[in-house]
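Reviewing the structure listed below.
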Amino acid sequence: MIVSVASGKGGTGKTTVAASLSRVWDRPVTLVDMDVEEPNLHLFLHPVIEGKSSANLEIPVIDESRCTSCGQCSDLCQFKAIALMGSVLLTFPELCHGCGGCIAVCPEGALSPGERELGEISVGKAGGAGFLMGRLRVGEAMSPPFMRMVKAKLVEIIGESERDAIIDAPPGVSCPAVNAVMDSDVIVLVTEPTPFGFHDFKLAWEAFSPLSKPMGAIINRAGLGNDDVYRFCTKSQIPILAELPFDRAIAEAYARGRVIADEFPRLREIFLSLRDGIRELADTGSREAARA
Amino acid sequence: MSKIAITSEGPSLEDQMDSRFGRAAGFVVIDMDTMSSHYIENGQSQIMAQGAGIQAAQLIAKAGAGWVLTGYVGPKAFQALSAVGIKVVQDLRDITVGEALERFKSGGLKIAQAPNRESGK
Amino acid sequence: MREILIISGKGGTGKTSLTGAFAHLAVNKVICDLDVDAPDLHLLLCPSFDQTEEFYSGFEARIMEELCTQCGLCASMCRFEAIRENGHGFSVDPLRCEGCKVCGAFCPSGAILFPQKHSGRWHVSSTRFGPLVHARLFPGEANSGRLVMVLKQKARELAKARGMDMVLCDGAPGIGCPVISSLSGTNLAVAVTEPTPSGRHDLERVADLCGHFQIAFAVIINKHDLNPDESARIEAFCRQRSYPLLARLPHDQIVTTAMLQGKVVTELPETDFSRELKKGWTMIRELASSVR
């Protein structure tokens, strides 16, 4: 089972939830930091990194001696990453999406695959759990292709085993966020009961609904704000899987880099019941899928 | 080369210059030998996420222009134009296409040695 | 004209609440919400739309079933796994399609169309603090960077037309495509951070990003009393890199209180929080007029 921890708004507690959930998970599990622009899970889990590899996107390299300036590659490229200027063929590697079209279309075999580094993938262990992190290179704009590579690594790690995965997704509801959660079995949305939290929660719900995955909510900083998000969950039949109280002591523990399930026994209880709630949601999801 | 391209908000010499290069509304191309002009529409650049400057450079190369008169040019467009020896005059704005043409004819416009805008604008 | 961008790297540090207050304090400016993915600033500014425009960006593959011979070449060439066999043929998953047109270029029966993507909507609005340019990318859409560009361009035009000398922007979390776009043309980037491991880590990455693009950078620490040690580390980081530290704001529920009323903190009775914030704004104004 793959669980994604997501949210529309940033800073609602995704990383906190993912880290604490891993502490109470009672089956083999790998934690995946898919917030590749700003990965933070490692700051709380202090994993032992066993291997690092750079993730590279395939970009075209020109063999000028073979290029006849026919322009087919340039006409095909939608991103202007390869462009014929007069009779001169130019490449702009940072614009390349790695579709491979130019290399495939070239009738002269004048283009060959090269590489652009998107980021770094780290694999290791955090306590009893496996750990996987993608870290986008600063200055690199394209996170979705990099996230695909992190997910490919996850598939490789899970393999045929029965290992579970918990994904810490990036904030937002656009391409990167949807990319992170689209292959999971269950999505849990972390929100806070404030106007910003509620507004972005609705956006996330709207964005992820077309994926037809079972979804549940976690209300963080409960007691703050108002009850709009509760009413919305009731109306839209979104199960509230856990409520984490608004408490300065919790905020301070988080600020010191602690995993809150380790620090507060009452929170550990909440995460245990969250774990069971997620399992139940996944079972309902797979039963519904089987019926469909 | 005897053709110059001027970034423009419209097809005529009376139209205002468009200070943008890649995302200019269009280009008025003038043949300096015959003084005839034609207009290249660039509206499709508005929907491009990136690479508008490169595409504009391609359009200008295809039109056979040897000079570009504009406001701002980004680094990729500059690289593309330089690759085929198209000369760039930048920092022109708030004048009409016709006025830009007059300045070009009277000489004294400086050829840019480097782009004057960051990527993506 | 001066362009000021409020960013954070990490989400949920209070960026939008502070931008709202700065919008109140600033005179003669256009306000611009560049978080097109999960925008929240409008919840504080309660805009009335004066102008609404559709946003089209890129293309998306669509297979015409009646022409498709089901050869499967498109699916095998798609690097994004966006074309799937669905039991009775092939279809495109719009969430995975990058719009590269490789499938269409190689389809032997010309069965693939590329309609333009309608991916969002943007507005010019009036608010009690002045004009606001803002947008909303549809859920799951890419090309947020381009939409950010459109907003910046519009905000500049508006400022010029109305004789205003400042554009005040609320940025997106992260360091990827939309954030990189939001930096272009910015005179001063103000990062709002918090004294947590994530806050500091993400601040360092967003600082590096601004360094990469040579943008002047300054820092505000929000909730500084949550972890004095971490605050001290952030301050040391700022000193070492010569980033001006503009304000140290206490952890204060006034932010949520204001949000619940649809107001900004400086519209509420003055507290230590708002006094420090006003001091910060004065420094921002001075810095913005002194940097290149």
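None of the figures in this text is laboratory data; all of them are computed from the coordinates on show. No experiment lies behind these values; they were computed from the predicted model shown. Virtual Cβ from ideal backbone geometry, glycine too; neighbours counted across all protein chains shown.
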Can you sort B:39, A:254 by how many other beta carbons sit within 10 Å, fewest first? B:39, A:254
At 18 angstrom or more along the helix axis (alpha-carbon based) and mean Kyte-Doolittle of -0.5 or higher, what helices does chain A contain? Whole DSSP H runs only. A:143-158, A:195-208
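At a 10 Å Cβ-Cβ cut-off, how would you order A:221, A:27, A:256, fewest neighbours first?
Details: A:221 21, A:27 10, A:256 15.
Fewest-to-most ranking of A:221, A:27, A:256: A:27, A:256, A:221.
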Report the GluC sites (Glu not before Pro) located in the stretch C:185-292 that are in a DSSP loop and have at most 14 other Cβ atoms inside 10 Å of their Cβ, or state none. C:270
Grab the DSSP H runs of chain C that are 4 residues or longer, score each as -39,500 (n - 2.57), total them, divide by all residues and round the 222 nm result to the nearest 500 deg cm²/dmol. -11000 deg cm²/dmol
Please report the antiparallel percentage of DSSP beta bridges with both residues in the protein assembly as shown, rounded to the nearest 5. 50 percent
Going by C-beta contacts inside 10 Å, put C:212, C:224 in order with the fewest on the left. C:212, C:224
Exposed GluC sites (Glu not before Pro) absent: longest stretch of chain A, with sites in DSSP loops and at most 15 other Cβ within 10 Å deemed exposed: A:163-292
I need the Debye-formula profile for the stretch C:30-95: one equal scatterer per C-alpha, no solvent, reported as log10 I(q)/I(0) at q = 0.11, 0.12 1/Å, two decimals. -0.52, -0.57
Within the stretch C:112-164: Cβ-based charge dipole about Cα centre, in debye rounded to nearest 20 (Lys, Arg +1; Asp, Glu -1): 180 debye
In the stretch A:1-72, the trypsin sites (Lys or Arg not before Pro) that sit in a DSSP loop and have at most 13 other Cβ atoms within 10 Å of their own Cβ are A:66
Projected label distance in nm at residue C:272 and residue A:87, using a 7 Å step from Cα toward the beta-carbon: 7.4 nm
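Report the number of Lys pairs in chain B whose alpha-carbons are under 13 Å apart, with separation of 8 or more residues or on distinct chains.
Numbers: B:3/B:62; B:3/B:87; B:3/B:105; B:76/B:121; B:87/B:110.
Lysine pairs, 8 or more places apart or on different chains, close enough: 5.
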Residue-span extension gain [residue C:225 to residue C:46] - 0.36 nm each, minus C-alpha spacing: 61.3 nm
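Would you mind giving the average projected area, over all directions, of the Cα convex hull of the protein assembly as shown in nm² with one decimal?
Numbers: hull surface 128.0 nm².
That works out to 32.0 nm², a quarter of the Cα hull's surface.
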